[in-house]
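Okay, so here's the structure we're looking at.
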Amino acid sequence: MAVPKLSKEAQERLLSYSKSKKMTPSQVVLPLLPEPDPAEAAFDRLLSRKPAKESDWVINQIAVEAVNRVRKSRKSE
Amino acid sequence: MKPKLVLDTNVYVAAMLGGRGALKLLHLWRLKRFEVYTSKKQIEELYITVEKHLQGPKARRIITAEVPEDMLYLLSARAELLPVRRVSKLSRDRDDDWIIAIALKSDYLVSENTQDVNIQALPQSANTKMLTIAQAVRLFKESEPSHRNRSG
């Protein structure tokens with residue numbers, strides 16, 4: 001995530017404001033930042049994993065067979 | 001309007017197993033190149049597939065606990081949940097009819113199971129096209145937003 005840089009003046013204003021409120025600068029700034037989107041975090045985790053060593057064909061066949069087994073077992077119930 | 005896609009359950013499983021094509025498709029979903037439709041039945045199917053059929057040592061090494069959690073979360077948070085009404089026989093395997101039923105409301109059905117999930121059986125009025133993962137990646141990778149084309 002990009003970290004915005006504050007100008008010297010803005011840093012000074014933040015410091016004096018946080019001092020006046022008896023808070024640290026992060027305590028002033030953090031509540032103003034939007035909550036991270038949990039879906040974006042889920043995408044991040046899923047997409048940052050190492051891809052499989054096997055070819056796509058092999059992976060896709062494993063996936064198809066696993067899902068087919070569920071569909072077949074549902075049918076036999 | 002963004003294209004609407006139904007990704008067969010095998011596409012989500014392939015992404016969880018680290019299939020490159022499926023991961024690329026997941027990335028394109030994140031970039032909002034298309035919208036995804038799903039159903040409660042699919043979420044349940046994905047859960048059962050991981051719980052019952054991907055429990056071998058190798059699969060467990062790849063699919064750690066948070067992987068299905070994240071995938072199921074994405075399905076509930078980023079995909080549109082469609083109700084599945086009773087459908088007449090649509091595919092070669094009756095058990096695949098529900099996925100065809102939600103595919104009827106979408107533009108594309110992406111599946112690696114082209115043998116059983118057969119959209120040839122769709123009514124002629126349906127405009128749903130069937131794609132493999134590789135075809136879908138190619139199609140949505142190329143469909144760049146128009147402003148990019150203008151800037152050269």
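What separates the Cα centres of region B:1-40 and region A:58-75 is a distance of 17 Å. Between B:Glu69 and A:Leu30, the C-beta separation translates, for a Förster distance of 30 Å, into a calculated FRET efficiency of about 0.70.
Among A:Leu33, B:Leu74, B:Leu81, B:Leu7, a tally of other beta-carbon atoms within 10 Å of each Cβ gives an order, fewest to most, of A:Leu33, B:Leu81, B:Leu74, B:Leu7.
Averaged over peptide A:41-54, the number of partner chain Cβ atoms lying within 10 Å of each residue's Cβ comes to 6. Amide hydrogen proximity for B:Ser143: with H placed 1.01 Å from N in the peptide plane, no residue at 5 or more positions away or on another chain lies under 5 Å.
Amide hydrogen proximity for B:Leu131: with H placed 1.01 Å from N in the peptide plane, the residues at 5 or more positions away or on another chain lying under 5 Å are B:Leu109, B:Val110, B:Ser111. Among the listed pairs A:Lys50/B:Lys58; A:Lys50/B:Lys141; A:Lys72/B:Lys129; A:Lys53/B:Lys129; A:Lys50/B:Lys129, those whose Cα-Cα separation exceeds 19 Å are A:Lys50/B:Lys141; A:Lys72/B:Lys129; A:Lys53/B:Lys129; A:Lys50/B:Lys129.
Coordinate-derived values only; no laboratory data. All values reported here derive from a predicted model rather than from experimental measurement. With ideal geometry, Cβ positions are generated from the backbone for all residues, glycine too; neighbour counts draw on all protein chains shown.
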